[in-house]
Every structure is written in structure tokens, then in C-alpha cells.
Amino acid sequence: MRIGFIGLGHMGNPMVRNLLKHKHTLKVYDVVPDLVRKMVDQGGKAAESIADTAKDVDVVITMLPSSPHVRSVYMGPSGLIASAPPGTLLIDSSTIDPLTAREVEMDTRAKNCPMVDAPVSGGVGGAEAGTLTFMVGGEKADYEAARPILECMGKNIVHCGGPGNGQVAKICNNMMLAIEMIATSEGMTLAAKLGMDPKVFAGIVNTSSGRCWSSDTYNPYPGVLDGVPASRGYSGGFGSDLMLKDLTLVTDAAKSARHPVLLGAIAQQVYQKHSADGNGGKDFSSVILQYMTGSPPTRG
């Protein structure tokens, strides 16, 4: 297919490369010219603008940093809604608030351009490997049209319901993940402070009722698991500032829905402090540093 792609950052770059591997024709655009040149070297064609990205293509995919960026790219005077011919399928894989996703979808539908919101889970590693999970919101027929394209970049493509529901799934899941990571951090550091070997404690938790993904797969305590960010100084992975962004989205959405998210709000504040302490670029599991002073104890 002929695909336009806007947003060539850490996630967009490998997503485009996977589409190229599946022999799609790519026209790419980013506000950073060097990112466009890298994709041209990989076999893509450079678009001159947002409007140009939508010319002579069947689909446009966007991977953008935030809700204001999505509004600008779609709803600006020279944006996709103004430029895309009727019938162009629009796929937004940014992580934004559900209200923005629904408002943009409503405007694209008025232009007779079908649209789905399709945020992802799996991080840069999943984007590189083509194993992302896509949480898709939109009409069933539009989901079915988008699915073959998304399958070139991911292995788990889930229809979450109507427009905006992909964003609902993404931010609510990440709220739960943040809460679990903070709880795991508190439990692991307290057990160590009280004199228990962290590996032994983790083994107990992971065969007991405290088990969760943050404890058995992505444990934040240094030395408990190999191959996770805690084993390499919390480099790589999913950044704390990105988690803070998602928690801010979910608490804002909860306010608009007049629904309490007590632990979600506390988690947002914990990550706000963690970022303010200079840890925003570290993996989100580094939140355990809020509970540790000095080097972690070593035990045989």
C-alpha cells in the first residue's frame, strides 16, 4: 500500500522500517530533517509537509508526542483533515487523551476519512522487533481496514471499541502498571531494610499473592533479575517522564469523567517528584530510587 507516515522518533523510525520490510511504499515527514533523511536512506520518500504526506497515499499513520501535536497535525489549517482526500484511512498511534482522540475522529469522519486511534505497548524494543501491541479504537470496519497494516508492525492487534477507546485502554493499563511498580518498589525496599535478601523475597512474592508483572518480569530492585533496566542502571526501557505523561493523561481524563482514581493520583505525584529529582530520562522502574538511600545492601 501507499502509506504516509508522520513522526519519525524513537518509535516511528522502527515502525517505518517494518512497513518497508513488508514492501509498502512509504512517504515520510518529520519536523526534524535528519530523521527524514535517515528514512529516505532506508527506502522511504521524503514528504515536503504534512499536507504533502497525505497526497497520493491510501493511509496516513501518525506517531506524535502529545495531544497538542495531534491537534495541530490533524486540525491545523494545512493539517491532515484539510489535506487528505476523502476515503484516506487515518491511523493515530500517539498516546493522547481520549477526548482529543474522539474530537479528531469526529472531524475526520465529517471529511469522509475513516480514522482509528491505535496507541501501542511494547516500547522501542517491540517496535524494532515488530511485536507491538496495538489497542485500537474506532468503528469495526475501520479497525478491519487498519488491521493488515498494523500487523506489519505488531503481533497483538486488539479492537477496544469505539473511537477513543484505544487511548482509554492505554492510559488505564499504564496507570495500573505505575501503581504496581510503586507497590513493588515499596515492598522490595522494606523487605531489604528489615534484613531480608531481595532475591529470596522476590521468589516468595512471585509464588504468592503479591505477584505481578513488576515483580516477576521487570523487578526494580538491582540484582534480582538479569536483563532488566535495574540491572543496567535503569537505562533504556520506558522512561519515567513518559510514565508521568500517561499518568497525567489518566488523572485529567478521570477529572473529566468525575471518577475517583485515588492511587492513580498518588502515583502521578510520586512520578512527578521522581522526575523533578532528575530521573525523568531513566526507566520508570527507577522509581524505586525514591525509597533507597545509598547503595543497595548486598547479601549472600
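The values are calculated or read from the model by the stated rules, or taken from the named source; none is laboratory data. Note that the structure is predicted; figures quoted are calculated from it, not measured. Positions of Cβ are generated from backbone atoms using ideal geometry, with glycine treated the same way; all protein chains shown enter the neighbour counts.
Side notes on the structure shown:
- Residue count for the stretch 104-124, restricted to those that are without any contact (Cβ under 8 Å) to a residue 12 or more places away in the chain and either out of contact with any strand residue (DSSP E or B) (no Cβ under 8 Å at 6 or more places or on another chain) or in a loop (DSSP other than H, G, I, E, B) (or both): 1
- So Met39, is it closer than 28 Å to Val250 by Cα and of a type outside the set (Asp, Glu): no
- Ile182 falls short on exactly one of the conditions (1) surrounded by fewer than 20 Cβ atoms within 10 Å (Cβ to Cβ); (2) assigned to a helix (DSSP H, G or I), and that condition is (1).
- All positions within the stretch 112-124 that are farther than 18 Å from Thr95 by Cβ and surrounded by fewer than 19 Cβ atoms within 10 Å (Cβ to Cβ): Asn112
- Selection from the stretch 280-298 of residues that are at pLDDT below 95 and surrounded by fewer than 16 Cβ atoms within 10 Å (Cβ to Cβ): Thr293, Gly294, Ser295, Pro297, Thr298
- For the stretch 125-156, filtered to residues that are of a type in the set (Val, Ile, Thr) and either farther than 18 Å from Ile171 by Cα or not assigned by TED's automatic domain parsing to the domain that holds Met106 (or both), the residue that is surrounded by the most Cβ atoms within 10 Å (Cβ to Cβ) is Ile149.
- The stretch 77-96, residues that are in a loop (DSSP other than H, G, I, E, B) and under 20 Å from Gly9 (Cα atoms): Gly79, Ser93, Ser94, Thr95, Ile96
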